[in-house]
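So the structure is just underneath, and the comments pick up after that.
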Amino acid sequence: MFLVLKRKSIVAVTAVVIFLAVVLTALGTTGTAAVFFGESTRKIPVYNVARAEDSEKVIALTFDAAWGADKTQGIIDILKEYGAGGTFFLVGFWIDKYEDEVKAVAEAGLEIGNHSKNHLNMPRLSEDAIRDEIVSVNDRIEQLTGIRPTYFRAPYGDYSNRLMTVVEEQNMVGVQWSIDSLDWKGLSAKEIVERVVPRAKSGDIVLFHNNSDHVLDALPIVLEGLKNKGFRFVGLSEMVATENFTVDSAGVQHIAG
C-alpha cells in the first residue's frame, strides 16, 4: 500500500511541475530571470504590438538597407505622398557609402534603426563584438543626423540572449517583423501586395528592403490597400514601447497601462 501511495504522489507532483513549466513558458517575457530545469527564459524581440480592438488601426512599415540605394529616395517620396511614417534599419557599411541618403531619410522625418555594422550572424559573435556592431552604428547615425537609434534589428532575424542583453544594455529595443513582404526574393509587385495587405492587422510590423526589385511598384499599392482598410502608417516610436512593457513567447509586445 505504501509503495502505491508513494508512486501516486510522485505522479501527482510530476504533473504539477510540468503544468507550471508550461505556464512559465507561456508567460515568458523579456527581462525575466526565472529559471526552470536549469534553463533561463529566452529574451525575445518585438514582432508585433498588441492593440485594443477599439483603438486606432496602426501599422509600421520598415525598410532594411544593406546593399544599394537607388530606390531610397523613391521610397521617401512615396511615403511623403501618402503622409506615411516609416523606419529604415541601416547597416554600418551602407551608412559609410550612402551618407546623403542617411541624411535624406532623417530630414524627411522618417525614423532610423540600427541593423548592425557588418550584417553578420550576431549570435555567433562574442559579447564585445556584438557591442561594437551596435554601438559603432549608433555613433555614426548620431553623428550624421543628431539622433541616436532606439531600435535594433538583427541581421537574418537571428538573435540570442547574449545579443538581446547587449541591446537592452544600450537602452534599445530589439525589433523583428510580423509580416515579411519577401520583396528580396524578386517577387512581383502583385505578389508583394498579396503577402502584405490581406493579412495585415493593427500592431503589425512589415519588412521591406530599400533596394529590392519591385519595392517602388508595390509600395503605393500596399499603402493604398491598407489605407482603404483604415490603417495609419507610423514610425516604430509611435507604436513600439521602450519601457513598461513585456514581450510574450510569441513576440507580441504588451504595453503596461
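Taken together, the values in this text are just the output of simple stated rules run on the coordinates, not laboratory data. This is a predicted model, so every value here is computed, not measured. All Cβ positions, even for glycine, are placed from backbone atoms using ideal geometry, and neighbour counts span all protein chains on display.
Any chance you could check the Cα centroid distance between segment 202-257 and segment 126-195 for me, in angstrom? Between the Cα centres of segment 202-257 and segment 126-195 lies a distance of 14 Å. Other residues within the sphere of radius under 15 Å centred on the Cβ of Gly85, judged by their own Cβ, net out at -3 (K and R +1, D and E -1).
Local charge for Trp177 was computed over the other residues whose Cβ lies under 14 Å away, with Lys and Arg +1 and Asp and Glu -1, and equals -1.
With 10 angstrom as the radius, rank Ile255, Ile179 by how many other C-beta atoms surround their C-beta, starting from the fewest.
Ile255, Ile179
Using a cut-off of 28 Å between Cα atoms, the listed pairs Lys57/Lys190; Lys71/Lys185; Lys57/Lys80; Lys80/Lys201; Lys57/Lys97; Lys71/Lys227 include Lys57/Lys97 as exceeding that distance. Charge tally around Asp248: other residues with Cβ under 15 Å, Lys/Arg +1 each, Asp/Glu -1 each, net +3. Computed about the Cα centre, the dipole magnitude for segment 48-255 is approximately 380 debye when only Lys and Arg (+1) and Asp and Glu (-1) carry charge, each at its Cβ.
In loop segments of segment 194-257 as defined by DSSP, the trypsin sites (Lys or Arg not before Pro) with at most 15 further C-beta atoms inside 10 Å of their C-beta are Arg199, Lys201, Lys229.
A Cβ-based charge dipole, computed about the Cα centre of segment 115-205 with Lys and Arg at +1 and Asp and Glu at -1, lands at about 280 debye.
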